[in-house]
Structures are given as C-alpha cells and as structure tokens.
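Take a look at the structure set out below.
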Amino acid sequence: MVDEPLLGRTSSHPVELPECDWADPPEALSLPPDRVDLWKLPLTESEAALHRLERTLAPDERARAERFRFDRDRRRFIVAHGRLRMILARYLGVDPQALVFSNGPRGKPFFAPPLQAALKFNLSHSGNLALVAVTLNRDIGVDLEEIHSFESAELLAEQFFSPLENATLRALPEAERLKAFFCCWSLKEAYVKATGDGLARATDSFDVAFGRGELGRLVSVEGDLEEASRWSLVRLTPAPGYVAALAVEGSGWTMMCWRLVGSSRLPALNSG
Ligand SMILES: CC(C)(COP(=O)(O)OP(=O)(O)OC[C@H]1O[C@@H](n2cnc3c(N)ncnc32)[C@H](O)[C@@H]1OP(=O)(O)O)[C@@H](O)C(=O)NCCC(=O)NCCS
C-alpha cells in the first residue's frame, strides 16, 4: 500500500528521497486493480530503434515531432511517445499503432472511445528520461524533473508556491533548497496532471507537503481538506539528478516500478 510503499527504502536520512526498486518487466503484463505501474525509460535510442518507434506514431504525433527546432528534442519526443504506445499496447494486447488518443479540455491524453477507458495513464519527460504511470480506474498524474540550478528559483517559488510551501522551503538549510524546490514543483505538477487541469490551475491554490521526512502529501486544496484526502501523492527519486512525483486518486494502491533500457523489447510490428 502506498503508506508502506514498494518504493524500496524510506531513507532515514532526511534529504534522501525514497527510491523505486526498478525491475525488468515480465513478458506477459497484467494490471490488477489497485496497482500503479511506473515505467522509467531513457530517451536515447539508436537510429534503427528511433525509426521503428516513429512508425508507430499517428500522423498528428509525427507532425508534432517535425515541429521541434532541435533534432535532439524531435528524437526525444518520438522515443517518449513511441515507447508510451508500446507500453500501453502491451497491457491491451494490441499493436502500438492501433492506439487512438484523445485530449481533455486542457490537453490531458486519454484513450479515444471505444478503447479501454478503464486504463488510465500519464507521461512526463525531462532531460534524457521519461516516466509513464499506468493504473486502472483512478485518475493519475506523474511529473519528472531534472534538477538544475538556476538563479530565479526563489522568485519562482514566491510566485507559484503557496505560503505554506514557501515557509517549508525557507525552513530548510540553503544546501537542500534546490532539490526541495524541484520536489515541491513535481508534487504540484503531478497533482494538476492527475486532475487534468495542468498549469491552468493556480498553483498556489493548494498545498503539498514535501519537507524533511515527508513522502509527499496533498495537504489542502483551496482550504478543502476533504478534496485533499481524495488523493495520494508520493515523491520519488527515479535516477540521480532527477526527482519525480506521482498523484493517484484514492488510497490503498501498491506500486511496481519497471525499467526499459535503450533499444530493448521493441514491439514486433505487424505493419507500417
Ligand atoms: C500538462 C503540463 C502541466 C505539463 O508540463 P511539463 O512539465 O512541461 O511536461 P511533462 O513532461 O511533465 O508532461 C507532458 C505530458 O503530459 C501530458 N499532458 C498534456 N497536457 C496534460 C494535462 N492537462 N494534464 C495531464 N497531462 C497532460 C502529455 O502526455 C504531455 O506529453 P507531450 O507534451 O509530449 O505531449 C503543462 O504542459 C500544462 O499545463 N498544459 C496545459 C496547457 C493548457 O491549459 N492547454 C489548454 C489548451 S489544450
């Protein structure tokens, strides 16, 4: 369960975040109720793998890929979206290119009817890494952030974090603040991605807990504790130099963490 998570250790050191126990995925995937699968994938691929993944994309995804100014970003987009298709297709037992997506009013992708409405997913990418979260019948959001130093972190926190979050941040020793900033940011983004609101939601209208010893928690949403209690938030360290967070509707779920390594387990395509 999320309180005793499959996140491996809950470190006794206050600065370290819980780590996932990343395992190779089994050949046959099943997704029981009340389980969240979190996938970690590198966004670097060989030329051959890139082409295979690109062939699984829908025309609108290919068009988006072509709009990137830098080739590196185009390649990352193709890998993230091709891999997302590959992962989801394995749960559904269909070809990756057969998946049809639709977007919510703020752009959150879901399966277009009549495909599996019960299978919920969310994607996040940052730097050379992506995370995909998958579950059944629960709204879900994931956010991944590569930690990098920048001068305006304090100003951004003042602008986008709630007073409670700013107080938490300021209470931490200087050396811990940058990582804590990204932890807070990823928890907040995971939540607004789970609801589908994205950054259209005022980010200072809700509070997350991310201080020392906190696994992550939604404290209140515009003062509404009941709404906050409808969600479980967990913060993670998916790789050195990155932080991430998951927001999942309800509680009582367990998590499995799967890793894909570059060029591995590409789908056998039937066509294209
Ligand atoms: C969703 C959002 C918070 C993502 O922020 P980010 O940190 O830059 O990006 P991440 O890598 O974590 O997530 C991006 C992925 O989340 C998914 N996503 C997009 N919009 C989403 C939303 N509203 N809710 C949840 N997930 C969303 C997509 O899979 C997207 O991947 P893509 O950009 O490669 O297509 C931000 O882009 C946002 O607020 N978008 C909404 C904009 C809006 O209001 N649009 C209205 C008109 S469509």
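The values are calculated or read from the model by the stated rules, or taken from the named source; none is laboratory data. It should be emphasised that the depicted structure is a prediction, and the values quoted were computed from it without experimental measurement. All Cβ positions, even for glycine, are placed from backbone atoms using ideal geometry, and neighbour counts span all protein chains on display.
Inclusion of Arg177 among residues that are within 16 Å of the ligand (Cβ to nearest atom) and basic (Lys, Arg) is not warranted.
Among the residues that make up segment 71-93, is at least one of them loosely packed, with under 15 Cβ neighbours inside 10 Å, more than 12 Å from the ligand (Cβ to nearest atom) and at pLDDT below 95?
Pass one, segment 71-93, residues loosely packed, with under 15 Cβ neighbours inside 10 Å: 71-73, 93.
Checking which are more than 12 Å from the ligand (Cβ to nearest atom) leaves us with 71-72, 93.
With the extra rule that they be at pLDDT below 95, the set shrinks to 93.
Yes - at least one qualifying residue is present in segment 71-93.
Within segment 184-209, being near the ligand (Cβ under 7 Å from one of its atoms) and within 20 Å of Glu158 (Cβ to Cβ) holds for Glu189, Val192, Leu199.
Any idea which residue in segment 114-141 is farthest from the ligand (Cβ to nearest atom), counting only those that are more than 18 Å from Leu31 (Cα to Cα) and touching a Ser or Thr at 6+ places or on another chain (Cβ under 8 Å)? Only one residue fits best here, namely Asn128. Residues that are modelled with pLDDT of 90 or more, buried (at least 16 other Cβ atoms within 10 Å of the Cβ), among the charged types (D, E, K, R) and closer than 30 Å to Gly213 by Cβ: does segment 37-45 have at least one? Yes, some residue in segment 37-45 is modelled with pLDDT of 90 or more, buried (at least 16 other Cβ atoms within 10 Å of the Cβ), among the charged types (D, E, K, R) and closer than 30 Å to Gly213 by Cβ.
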